[in-house]
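Single-structure report; data block below.
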Amino acid sequence: MTIQKIDIVRFLELSENTPIADVRSPSEFNSGHIPGAVNIPLFDDKEREAVGIKYNREGRTPAILEGLKYSGPALGKKLEQALKIAKNNQLLLHCWRGGMRSEAMSWLFSLGGIEVKVLEGGYKSYRRHILSCLEEKRNMIVLGGMTGSSKTHILRYLKSMGQQILDLEQLANHKGSAFGALGQEAQPSTEHFANLLFTECNKLNRNQPLWIEDESRNIGSVFMPDLFYLNMQETPVVVLVMDTKTRLPRLMSEYSVFPKELLIASLIKISRRLGGDMTSSAIDAVENGDLAKAIEIVLHYYDKAYMYGLKKKNGTNIIYVNTDTDDIEANALKVLDAGGKIKWD
């Protein structure tokens with residue numbers, strides 16, 4: 001059987017209409033995968049380890065024989081899975097490097113009449129490709145502002161107005177602060193976050209500016225790709241300036257729904273940065289039902305940290321927009337007007 005191998009660019013083009021079978025082990029898949037791919041593993045994690053040891057010690061043929069001991073009885077179920085997800089009897093397939101696992105599963109799926117195309121270089125080539133693409137500079141406008149300025153809501157309103165946005169916090173399942181995990185699903189791995197980020201970026205028009213929220217290098221436990229983050233630091237920033245009093249009601253509304261225990265646990269996460277006295281005061285406030293006081297203490301810390309980070313940016317690329325309201329539509333129009341004054345090279 002001749003295996004049809006295609007490069008990553010063609011693979012991604014075809015993936016828009018053809019399903020992807022990822023035949024790596026479950027742990028490999030869970031660490032990161034091409035968004036939308038379905039995991040049909042040739043081996044589970046323990047089996048993969050055993051076959052790998054056999055390959056390293058004795059070579060290819062003994063490893064194949066070892067693999068057949070594990071995979072043989074389950075081949076029928078794997079083919080059934082492939083038949084279920086194939087579209088028009090076509091399927092894209094990859095393993096880690098495009099080697100033995102791809103060859104074996106291509107043969108198996110072809111027995112069921114599926115036309116299989118294999119990613120040359122496997123998932124490893126996909127990762128090289130996406131990280132290279134994410135390093136490329138593009139016309140971005142960073143929306144800045146202190147915690148509680150409703151930046152995410154404003155970005156989403158801008159999207160409703162036809163602007164291009166990239167919602168990093170949605171991709172990371174985290175709102176960026178010590179309280180950011182509350183009410184969110186589990187975060188993806190840093191590896192998979194980059195995969196999701198590439199998928200979203202790939203949908204956007206490179207000829208139009210892209211709005212993106214100002215973030216630190218990490219969003220919760222997820223870290224942005226290095227050069228993507230560095231490019232963000234060099235792009236123009238529109239900073240929405242809003243005082244604490246204006247920000248407080250929305251934050252109260254968002255976080256008052258969570259149990260005291262979760263709020264206190266979040267405060268403890270930043271206790272070293274808040275300081276012992278401020279942490280104690282904030283915890284006492286939460287326990288006494290004075291959430292406003294607790295939020296003000298936390299905002300004092302985050303505001304100082306944000307302004308410190310802002311000073312590191314190129315001052316000529318920063319536009320400040322003052323506002324005395326937390327009205328999303330009004331503030332979206334203000335930042336959009338400011339963004340329209342940016343001159344691109």
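Given the Cα-Cα distance of Arg138 and Lys46 and 0.36 nm per residue of separation, how much length would full extension add, in nm?
28.8 nm
State the answer as a single residue: which of Gly180, Gly340, Val51 lies farthest towards the positive end of the charge dipole of the chain, with beta carbon charges of +1 for Lys and Arg and -1 for Asp and Glu, about the Cα centre.
Of the listed residues, the answer is Val51.
Within 10 Å, count the other beta carbons around each residue, average over each peptide in 254-266, 284-296, and list them highest first.
284-296, 254-266
Could you work out the helix-only [θ] at 222 nm for the chain, with each DSSP H run of four or more residues adding -39,500 (n - 2.57) and the total divided by the number of residues, to the nearest 500 deg cm²/dmol?
Counting only the DSSP helices, I get -16000 deg cm²/dmol.
How large is the convex hull of the Cα atoms of region 4-130 per residue, expressed in Å³ as a whole number?
99 Å³
Which value in Å is the Kirkwood Rh of the chain over different Cα pairs?
23.0 Å
Rounded to the nearest Å, what's the spacing between the alpha carbon centres of region 183-247 and region 305-342? Just the number, please.
When both Cα centres are located, 16 Å separates them.
What size of dipole, in debye to the nearest 20, comes out for region 166-278 about its Cα centre when the only charges are +1 on Lys and Arg C-beta atoms and -1 on Asp and Glu C-beta atoms?
280 debye
Taking the Cα centre of the chain as origin and charging only Cβ (+1 Lys, Arg; -1 Asp, Glu), how large is the dipole, in debye to the nearest 20?
About 840 debye.
Which GluC sites (Glu not before Pro) in region 136-207 sit in a loop by DSSP (not H, G, I, E or B) and have at most 15 other Cβ atoms within 10 Å of their own Cβ?
The qualifying sites are Glu136, Glu185.
Taking each full run of DSSP H in the chain as one helix, which ones are at least 27 Å long along their axis (Cα atoms) and have mean Kyte-Doolittle hydropathy of at least -0.5?
For the chain, where a helix must reach 27 Å along its axis and average at least -0.5, the hits are 291-311.
Farthest toward the dipole's positive end in the chain, which of Ala282, Thr199, Trp96, given Cβ charges of +1 (Lys, Arg) and -1 (Asp, Glu) about the Cα centre?
Of the options given, the answer is Trp96.
Could you give the dipole magnitude of region 202-345 about its Cα centre, charging the beta-carbon of Lys and Arg +1 and that of Asp and Glu -1, in debye to the nearest 20?
Using only the charged Cβ atoms, the result is roughly 500 debye.
Can you give the direction-averaged projected area of the convex hull of the alpha-carbon atoms in region 92-231, in nm²?
Seen from a random direction, the Cα hull of region 92-231 projects 10.7 nm² on average.
Which FRET efficiency value, to the nearest 0.05, do you get for Asn202 and Glu80 by plugging their Cβ-Cβ distance into 1/(1 + (r/R0)^6) with R0 = 30 Å?
Plugging the Cβ-Cβ distance into 1/(1 + (r/R0)^6) gives 0.40.
Over all directions, the average projected area of the alpha-carbon convex hull for region 137-339 comes to how many nm²?
Result: 11.2 nm².
Picking from Ile295, His129, Asn317, whose Cα lies most toward the positive end of the charge dipole for the chain (charges on Cβ: Lys, Arg +1; Asp, Glu -1)?
Most positive-ward Cα: His129.
If you add up the charges near Val38, with Lys and Arg at +1 and Asp and Glu at -1, over every other residue whose beta carbon is less than 13 angstrom from its beta carbon, what do you get?
That works out to +2.
With a Förster radius of 56 Å, plug the Cβ-Cβ distance of Leu333 and Glu115 into 1/(1 + (r/R0)^6) and report the FRET value to the nearest 0.05.
0.60
Note the full-extension length gain between Ala292 and Ile319 as 0.36 nm times their separation in residues minus their Cα-Cα distance, in nm to one decimal.
The span from Ala292 to Ile319 would gain 6.8 nm if fully extended.
Normalised by the residues of region 150-241, what does the relative contact order come to in percent, with Cα pairs under 8 Å and at least six apart?
With pairs under 8 Å counted, the relative contact order is 34 percent.
Values in this text are rule-based calculations from the coordinates and carry no lab data. This one's a predicted model, so the numbers in the text were calculated from it and none came from an experiment. For neighbour counting, all protein chains shown are included, and Cβ atoms are generated from backbone atoms with ideal geometry for every residue, glycine included.
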